[in-house]
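All remarks here apply to the structure that follows.
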Amino acid sequence: MPLSNLAGGRLTIDLEALAANWRFLAGLAPGAETGAVVKGDGYGIGIEEAAKALARAGCKTFFVALPQEGLRVRKSLPDAAIYVLNGLLPGAAATYAAASLRPALASWPEIEEWAGSGGAAEKPGAAIHVDTGMNRLGLSLGEAAALAGRPALMAALAPSLVMSHLACPDTLEHPMNRRQLALFGEVRSGFPNLPASLASSSAIFLGPDYHFDLTRPGVALYGAGVPAEHASSIRTVATAEARVLAVREANAGETVGYGAGETLKRPTRIAILGAGYADGYHRRAGSGNGAPGARVRIRERLAPIVGRVSMDLIAVDVTDIPPAARGDWAELFGPNVPVDEVARHAGTIGYELLTGLGQRYARRYVGGE
Ligand SMILES: *Cc1c(COP(=O)(O)O)cnc(C)c1O
């Protein structure tokens, strides 16, 4: 019996769509190399599958958050350049070097530890990560200037990139964008021989000023977080569906689900789906106390959630979809129900839905090799 017959949900991952999205983003920044961020298990779709499909599309430089992710990419891609965005973890320099992982050095202790571990000739490269306004990871502007003034220390790091990260690239007119761009320009002038990287997905859409030598798209590759004017150029990569387990009739005035938070206004047919928040479908995407929930798609029609999302179950109103029946598949998000829209209902962003998909879906990869 196929796995999908034993699971409440199935996940279809379109690797050709992933490759097409990478090519589209590469086309928007023709003067730069286009890398790919595959952290968070490839934004939930599977880090090895994502990395291999992107490499087939032409990607040569990958960004992960952690060295454990870097090792997984390295196994799949012996020749790729791999940067570890969370930097050099304490005591791990030899492991990075052995697997040719490049830390994004983000603090003075990391700089010293990396410089002091092994000779420059054995170093695989590293990014100098400078903070220009996030107050997250990165050297301060003063530290970056101090580093730029110490050629022997720089040589010991064997750096291959200077990078920073924008705080507000998804807001086109946000003044932080220009401010960080100007600061990054100054930082970069201290490292004239290093390629530079500033742009995540949204910053690619901000235009060529932001592209520099290497872009670092993540979420847009996976079909989420894309501004409306580009949405039609980005393809859906992940489609999550849940099985209709049962259909029931309920009377007006009755309530549905935990907390009895949703009172039915009409006689209602309710389909019960076999997925829930344990599958990363956020509890807050449900309805209650007058606020509408997200919608799913069954038999080519949209059906709103009624009541709270449970751990393993979701109730949806199929009164207006009479043929809906046990065994149907309901699209939780995918080509017809944008992941960002479900995320909005849950008060979050598509990134969080994708990276929180959970382990229970029957996964199917299509469009590879
Ligand atoms: C996650 C991340 C990215 C990718 O961001 P998206 O918004 O997913 O494109 C790029 N750079 C850094 C430093 C990141 O942490």
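No lab work stands behind these numbers, since they all come straight from the coordinates. Here the structure is a predicted model, which is why all the values come from computation and not from measurement. Note that each Cβ is placed from the backbone with ideal geometry, even for glycine, and that neighbours are counted across all protein chains shown.
Numbers at a glance
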read-out	value
Principal axis box of segment 186-235, alpha-carbon based, largest edge first, Å	39, 17, 12
Share, in percent, of DSSP beta bridges within the chain that are antiparallel, nearest 5	55 percent
Eligible lysines near Lys52 by straight Cα distance, threshold 16 Å, same-chain separation 8 or greater	Lys39, Lys60, Lys75
Cα convex hull of segment 1-88 - mean projected area over all directions, nm²	7.1 nm²
Centre separation in Å (Cα based) which lies between segment 246-317 and segment 36-55	32 Å
The chain - Rg (one decimal) and Dmax (whole number), Cα, Å	23.3, 78
Calculated on alpha-carbon atoms, Rg and Dmax of segment 194-350 in Å	18.8, 68
Helix-only [θ]222 nm of the chain, DSSP H runs n ≥ 4, -39500 (n - 2.57) each, per residue, nearest 500	-7500 deg cm²/dmol
Alpha-carbon centroids, segment 83-105 and segment 179-226: separation in whole Å	22 Å
Mean Cβ neighbour count within 10 Å, used as a protection proxy, ranking 16-25, 150-159 highest first	16-25, 150-159
Environment charge of Ala343, counting only residues whose C-beta is closer than 14 Å and scoring Lys/Arg +1, Asp/Glu -1	0
Cut-off 10 Å between beta-carbons: net charge of the residues surrounding Leu141, Lys and Arg +1, Asp and Glu -1	-3
Formal net charge of residues neighbouring Ala53 (Cβ-Cβ distance under 10 Å; K, R +1; D, E -1)	-3
For segment 127-274, convex hull of alpha carbons as volume per residue, Å³	200 Å³
Where only alpha carbons of segment 153-212 are counted, the Rg and the Dmax (Å)	12.4, 40
Share of alpha-carbon pairs per 10 Å distance bin for segment 280-369, given as whole %	16, 48, 31, 5, 0
